[in-house]
Amino acid sequence: MLSSLGNPERHFHTVHIGGTNGKGSVAAMVYQALREAGHRTGLYTSPHLVDARERIVVNDRPITEEAVAMWTTRLRDDIESSEASFFEALTAIAFADFAARGADVVVVEVGMGGRLDSTNVVTPLVSAVVSVGRDHADYLGDSLEDIAAEKAGIAKHGIPFVIGERDPQLARALEAHALRKGAYPVLVPSDVRYDEGVGFAGAHQRRNAAVADLILRKLPVEWRPSDDAIRRGIAGAYLPGRFDRRGYWLFDVAHNVDSMKSLVETMGQCEVAPPVHAVVGILADKDWATMLSLLRTVTDRLWLVASPTTPPGRRWNLEQAQSVVPGAVVSDDFERALHDARTGASTVLVTGSFYTVGDAMSRLPGFQPLG
């Protein structure tokens, strides 16, 4: 697909960021710092919450509907003949759009894994793995070491490779894979936290900010933002759905055990007005029992739902989930659950997956996912 478009991925510089958790936040921080430095900057993230155009942004402007239609038409034969996945096709469209809109540098978030991810066609200025967790085991391997090997697949010969993973054994595994590929691994010490202002809430985001800071400082001099631009970028970074407060609503896309732990910790650190009611929809292939057990410690009542856009094959069994949290309300009516959860609550948390948060946000009056 890219070849038929004249290899647009070669017409801009990139920063390539992978990891199980935190990669989206780190990508947003790096993007914002590059914007503060005056570069025409693109950002490619996944998944989206409401509109797929959220994934493809240049200087805060998403790809237009007309551009999506045009690139899809241009690529249709290639998409069909290669049986490309949605993500593969969208990645080609994204890279074409970034080149067409004259992006100088693009921050590219890995979709899943790294080695075989469709974003791994880029040769970046810097690549990074923020963290390694047990997710997508069906595709990436049963052990954390196997998953680390897949994520380290974005390391490139002669390119700095920033390692944010805190577990020493996994960090060494990432380092070893990077060295075998001829990359220059740079480890963020496990106890390092960013000590300036951070736009995202939660102590874990200070760790993510430290990773973003090191990525930015490993850029070639001509692309490296000033200290002040880095500070402003990390302080001003934002992505919807990351401990996102909107009145009495609180949205968080915590979708696996590690990210749910971070959400629970952040709720303990921040002033979240009780009583807290939660509308929760988790995918069937996640460790939802552990996630629910964690969530029970910071909420007063739970509504268990399967959001409308969740793929049928990934919908969890609501009755089984209710057995983990006796007293939870099981609702087949998503909108009714959002309505009922407001009764008697000072805070309504919506969490469990990108699908759940996106479906809830799209139902808020006046919500504009694309700014």
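The values are calculated or read from the model by the stated rules, or taken from the named source; none is laboratory data. What you see is a predicted model; the values in this text were computed from it and never measured. All Cβ positions, glycine included, derive from the backbone under ideal geometry; neighbour counts span all protein chains shown. Please note that ligands, DNA and RNA were not included when accessible areas were found on the heavy atoms of the full protein model with its side chains. Shrake-Rupley method; radii C 1.70, N 1.55, O 1.52, S 1.80 Å.
Data overview
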item	result
Residue in the range 219-241 that is assigned to a loop (DSSP other than H, G, I, E, B), of a type in the set (D, E, K, R) and either modelled with pLDDT of 95 or more or touching a helix residue (DSSP H, G or I) at 6+ places or on another chain (Cβ under 6 Å) (or both) present	yes
Where Gly327 falls short, out of the listed (1) open to solvent by 50 Å² or more (accessible area, probe 1.4 Å); (2) at pLDDT 95 or above; (3) on the phi > 0 side of the Ramachandran plot	(2)
Selection count, the range 19-54, where residues are outside any loop (DSSP other than H, G, I, E, B) and open to solvent by less than 20 Å² (accessible area, probe 1.4 Å)	14
Subset tally (residues that are buried (at least 23 other Cβ atoms within 10 Å of the Cβ), over 19 Å from Asp285 (Cα atoms) and either at pLDDT below 90 or touching a strand residue (DSSP E or B) at 6+ places or on another chain (Cβ under 6 Å) (or both)) for the range 129-173	7
Counted residues, the range 331-350 - those being outside any loop (DSSP other than H, G, I, E, B) and surrounded by 16 or more Cβ atoms within 10 Å (Cβ to Cβ)	9
Residue match in the range 306-320 (condition: open to solvent by less than 70 Å² (accessible area, probe 1.4 Å), part of a strand (DSSP E or B) and of a type in the set (S, T, N, Q))	no
Leading residue by the ranking (nearest to the chain's Cα centre (by Cα)) among those in the range 211-233 that are surrounded by 24 or more Cβ atoms within 10 Å (Cβ to Cβ) and farther than 21 Å from Gly158 by Cα	Gly233
Close pairs (9 angstrom Cβ cut-off, 6 or more residues apart or separate chains): among the aromatic types (Phe, Trp, Tyr) in the range 148-169, open to solvent by 10 Å² or more (accessible area, probe 1.4 Å) and assigned to a strand (DSSP E or B) anywhere	Phe161/Tyr184; Phe161/Pro185; Phe161/Val186
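Okay, residues lined up against (1) in contact with a Lys or Arg (Cβ under 8 Å, 6 or more places away or on another chain); (2) part of a helix (DSSP H, G or I); (3) of a type in the set (Asp, Glu); (4) without any contact (Cβ under 8 Å) to a residue 40 or more places away in the chain:
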residue: Ala69; (1), (2), (3), (4): no, yes, no, yes
residue: Thr72; (1), (2), (3), (4): no, yes, no, yes
residue: Asp77; (1), (2), (3), (4): no, yes, yes, yes
residue: Ala89; (1), (2), (3), (4): no, yes, no, no
residue: Gly111; (1), (2), (3), (4): no, no, no, no
residue: Thr119; (1), (2), (3), (4): no, yes, no, no
residue: Glu145; (1), (2), (3), (4): no, yes, yes, yes
